[in-house]
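Have a look at the structure below, then the notes.
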Amino acid sequence: MDALTHTLLATACLALAFYVGVYLSHREAMRKIPGLVLRELERDGFLCIEIDSDGDECLVSVETLRRKAREGVQ
């Protein structure tokens with residue numbers, strides 16, 4: 001194997017490793033973003049999330065919150 005072939009092969013391997021890492025980190029970031037946005041919206045008071053009996057997080061409808069507020073006032 002001459003120097004040019006070795007250089008091209010090494011460069012191709014490094015490029016492949018780099019782009020696989022970029023792809024995997026992008027995919028992982030895309031998996032985390034929706035949860036972060038929902039938690040931020042909840043913290044700022046734009047939506048309400050409750051934990052159901054299974055331990056899953058569920059969005060609460062505005063009508064449910066209004067009904068609870070009316071019941072609390074009466």
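The values are calculated or read from the model by the stated rules, or taken from the named source; none is laboratory data. These figures come from a predicted structure and were not determined experimentally. Every residue, glycine as well, gets a Cβ built from its backbone with ideal geometry; the counts of neighbours run over all protein chains shown.
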If you scan region 1-39, which residues turn out to be among the acidic types (D, E) and closer than 30 Å to E57 by Cβ? E28
If you check T64 against the conditions, is it in a helix (DSSP H, G or I) and at pLDDT 85 or above? no
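Has region 17-25 got any residue that is among the aromatic types (F, W, Y) and surrounded by fewer than 10 Cβ atoms within 10 Å (Cβ to Cβ)?
Residues of region 17-25 that are among the aromatic types (F, W, Y), as a first pass: 18-19, 23.
Applying the additional criterion that residues be surrounded by fewer than 10 Cβ atoms within 10 Å (Cβ to Cβ) yields none.
No - not one qualifying residue is present in region 17-25.
Is it true that R67 is exposed (fewer than 10 other Cβ atoms within 10 Å of the Cβ) and among the basic types (K, R)? Reasoning before the result, please.
Working: exposed (fewer than 10 other Cβ atoms within 10 Å of the Cβ): no; among the basic types (K, R): yes.
So R67 fails the test.
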Just one of (1) surrounded by 10 or more Cβ atoms within 10 Å (Cβ to Cβ); (2) modelled with pLDDT under 85; (3) β-branched (V, I, T) trips up V73, so point out which. (1)
